[in-house]
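Structure, as structure tokens:
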Amino acid sequence: MEARYEALRRAAEEVAAVDAHAHNLVELASAFPFLRCFSEAEGDALALAPHSLSFKRSLRDIAALYNCEASLEKVEEFRTAEGLKSISSKCFEAANISAILIDDGITFDKMLDLESHKALSPLIGRVLRIERLAETIINDESFSGSSWTLDSFTESYVAKLKSVSTQIVALKSIAAYRSGLEINPNVSKTDAEDGLRKELTGPRPFRITNKNLIDYLFTCSLEIAVSANLPVQIHTGFGDKDLDLRKCNPLHLRAVLEDKRFSKCQIVLLHASYPFSKEASYLASVYSQVYLDFGLAIPKLSVHGMTSSLKELLELAPIKKVMFSTDGYAFPETYYLGAKKARDVVYNVLAAACEDGDLSIQEAIEAVDDIFRRNALHLYKLNVTNGSINNETTIAGGGVSSTSVEEDVLFVRIIWSDASGQNRCRVVPAGRFYEVTRNKGVGLTFAVMGMTSFCDGPADGTNLTGVGEIRLVPDMPTLLRLPCREEMVMADMQIRPGEAWEYCPRNALRKVTKVLLDEFNVTMKAGFENEFFLRRKLVSDGVEQWVPYDNTNYCSTSAFDGASSILQEVYSSLKTSDIVVEQLHAESGKGQFEIALKYILCTLAADKLIYARETIKSIARKHGLLATFLPKPDLNDIGSGSHVHLSLWEDDQNVFMGSSKDNFYGMSKTGAQFLAGVYHHLSSILAFTAPHPNSYDRIQPNTWSGAYLCWGKENREAPLRTACPPGVPLELVSNFEIKSFDACANPHLGLAAIVAAGIDGLRRGLKLPEPVESNPADYASKLQRLPQNLQESVESLSGDKVLHELIGDKLVKAAIAIRKAEIDHYAKNPGAFNDLIYRY
């Protein structure tokens, strides 16, 4: 089973986790005993902690990290000798945590402040404990106990919470520790006032325990959380002996969950609610506002206990609502243990779900990202790549203000790529985006998917006009930060909430990849090469021109030297956007460069290709340059392609690659049939992958662009090249490259056409001809020339029933109408090509 789930294992081990609930560290000299690293017990009970299963396992894990003997004495000796900075570095590096949300409401001896934790993680967020805030206010020496009334306390409490609301990511309640979770959301002010008076008669500093006052405080806090759009974490289930476990069952929260005032308040049940994990799972399945966090249960339980608890959470709860945390506290080792065991347990539980048929491996891999990272990023409104916290709203008087988010992010670009391959965006002020647009989207005319590269109006024959409107709905998992005070997010086109528009390119790709998966249990991965020209502005006699950035040649070191600062900035920005660059170098054209991206699931690859180009253009503009991806900006120079490398995967196995028993020129039978489908439909595919008249100025013999219909192993003149990269046995190939793909293509539509063709190859068991092993131009009289202009590829697509059926007839016909309009326009206006460097 291990080999089958290697990709899942790798995903669980490598994901940079968001620790959604933890506490402050302490100095090594703290009186807080290190034995508490392993147990919630205190006093005499703590002395027996070394005899628990979790202690023995955890001690071995820590000793292995420190490379010391697995004894408590030796581990403590190592800690003392190394110092806090060193052991923290070891633990947090091994934990691979990208953000930590810290509840600093618990106090330890010699506790570090929040600022001290910033060296441990790119982002530190504060979680405010409401009981602690209330106690701090009432214990303030400037007030005497007799001066407090419920109204004066409430006024002071709300004002204090308002003042810190932009500096926190969530509220937290430990009502479970005080009076239990059977909160009365309708507690009367009279009863709460009486509770406050009773508390004030006790000794100082006082600790709130009166149920009526706690219920009032809890309800008041939820009202503030709703108005401020802050999630509320709630301790549920086990903890130290202060709590009455019988009162910590989250089912006691039903009155709160049923209260309409709080139906929009996102409530996080902490600690897997253990031993009430099934109950928590049920609540998350029937209440839209309930989320689950399994910190503390992992790693404090036995392996069986951790596994069964997580399984119980996932029995009913949506995966999108389950989150990781370490519940780390006091000692950096608690963070390490929480992360290490969570990765192991999540992997085992999801692998078992795959074995049971509940999940496919790809779905399990996506679940890993949801559980460890994505769910928390969205719920707590975090921007890990920017090291910032995007509070959606702040409290201002009785209403809501967008000030806090706009202090950091001013605009959000909602991105789509149209059928002519142009990236377009609607820009929304960040405050409104997070308040309204992220959920409801923005309106957009039908005409947008009929526009050409020369006119912002629908082409004749697209059947798209200015009558009718869709919703451009942000796909929040794709949100990322731009180098400026802006964010961008990919959008889906919906005709009504939840229903994809038939002209939506992203949905077209999702649709065909689903067919590929459903019929053949195969997914496609894609890795793009981005070729582009850098131009610098030259003004001569009052005329502005964009001239080549340099005049160097292929892989020139001097070219790289000259553009190094720009390329470094591009690389850093792409890296923080989770876009992996595998190689970059100078290309053959004047001022031309290439940045190759790592292969990933094709639906993600298309999104990230758009983001990569936007990033490159933005940074070039910042340096006073123009970056253009146009296929042939200079007819006397080499062209720019967007070559794409493609492979097929079944679970975590590359099934494009052949084997000793299944080998057709290095391909498997599945791979060869898929590629045969692409070969068979290539002339039609070009209407999507080389969709502009300018594209065919690039696709010429002897330019490594693929001018003849053929394929070959490591043949860079063929439009279809099978590749054997380093590490792959020489008799095999791991992927194939399509040369005839450029940046005028909408990447989602281009990939959709390729997948559709591959499906036809698999369905019909198509076969490839023999490979061409030398320059195809040498066989010009024998080989079929690929379309030499856009008209020829459009004619091929017009008669291609397979692509019409799988991609969608209406969308294909609209694309054909756009191509015909562009053929006509640029034939009549050849000078219009000059403007395309600004569009692509």
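The values are calculated or read from the model by the stated rules, or taken from the named source; none is laboratory data. Model, not experiment: these values are computed from the prediction. Every residue, glycine among them, receives a Cβ derived from its backbone with ideal geometry; neighbour counts consider all protein chains shown. For accessibility, only protein heavy atoms count, side chains too; no ligands or nucleic acids. Shrake-Rupley method; radii C 1.70, N 1.55, O 1.52, S 1.80 Å.
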Exposure of residue 209 as accessible area (Å², to 10), given a probe of 1.4 Å and all protein chains: 70
Relative contact order for segment 1-94, counting Cα pairs under 8 Å that sit 6 or more residues apart, in percent: 17
Expressed in square angstrom to the nearest 10, the accessible area of residue 39 with a 1.4 Å probe stands at 20
Considering only 334, 107, 524, whose Cα is most displaced toward the positive end of the charge dipole of the chain, charges sitting on Cβ of Lys, Arg (+1) and Asp, Glu (-1)? 524
Taking Cα pairs under 8 Å and at least six residues apart, what relative contact order does the chain come out at, in percent? 10
Cα-Cα over 22 Å, subset of 56/341; 110/381; 669/713; 160/321: 110/381; 160/321
Could you tell me which of the pairs 278/608; 264/514; 514/801; 514/598 are separated by over 28 angstrom between their Cα atoms in the structure shown? 278/608; 264/514
Would you kindly derive the ³J(HN,Hα) couplings of segment 366-374 from the backbone phi angles with the Karplus curve 6.51 cos²θ - 1.76 cosθ + 1.60 (θ = phi - 60°), listing them in order in whole Hz, with x for Gly and Pro? 5, 5, 4, 5, 4, 5, 8, 9, 5
What order, most packed first, do the peptides 240-250, 20-30 have when packing is the mean number of other Cβ atoms within 10 Å of each residue? 20-30, 240-250
Once Lys and Arg are counted +1 and Asp and Glu -1 for all other residues with Cβ under 13 Å from that of residue 221, the total becomes +3
Whole-Hz ³J(HN,Hα) for each residue in segment 495-507, computed from phi via Karplus 6.51 cos²θ - 1.76 cosθ + 1.60 with θ = phi - 60°, x for glycine and proline: what do you get? 7, 7, x, x, 10, 5, 7, 5, 9, 6, x, 5, 5
In nanometres, the difference between 0.36 nm per residue of separation and the alpha-carbon distance of residue 13 and residue 553 is 190.2 nm
Given a 1.4 angstrom probe, what's the average accessible area per residue across segment 517-662, in square angstrom? 43
Spin-label pair residue 813/residue 582, simplified geometry with 7 Å Cα→Cβ offset, distance in nm: 4.0
Residue order for 781, 163 - accessible surface, 1.4 angstrom probe, largest first: 781, 163
Solvent-accessible surface (1.4 angstrom probe) belonging to residue 600, in square angstrom, nearest 10: 50
In order over segment 84-97: 3J(HN,Hα) from phi, Karplus 6.51/-1.76/1.60, θ = phi - 60°, whole Hz, x for each Gly or Pro, gives 5, 4, 5, 5, 5, 4, 4, 5, 6, 5, 5, 6, 6, 10
Relative contact order (%) - criterion: Cα under 8 Å, at least six apart; region: segment 410-542: 20
Apportionment of accessible area to carbon and sulfur, the chain, percent (1.4 Å): 49
What is the spin-label model distance, in nm, from residue 774 to residue 465 if the labels are put 7 Å beyond Cα along the C-beta direction? 5.9
Order of exposure, largest accessible area first, which applies to 798, 221 with probe 1.4 Å: 798, 221
How do 162, 440 rank by accessible surface area computed with a 1.4 Å probe, from largest to smallest? 440, 162
What is the Cα centroid distance between segment 501-540 and segment 193-228, reported in whole angstrom? 55
By DSSP, what percent of the beta bridges with both residues in the chain are antiparallel, rounded to the nearest 5? 65
Once Lys and Arg are counted +1 and Asp and Glu -1 for all other residues with Cβ under 10 Å from that of residue 112, the total becomes -3
Please work out the Cα center distance from segment 294-368 to segment 610-633, rounded to the nearest Å. 42
Dipole of the chain, Cα-centred, from +1 at each Lys and Arg C-beta and -1 at each Asp and Glu C-beta, to the nearest 20 debye? 860
So, in nm, how far is label residue 110 from label residue 788 when the simple model puts each one 7 Å beyond its Cα toward the Cβ? 8.3
Need the full-extension length gain, residue 484 to residue 637, defined as separation in residues times 0.36 nm minus the C-alpha distance. One decimal, nm. 51.8 nm
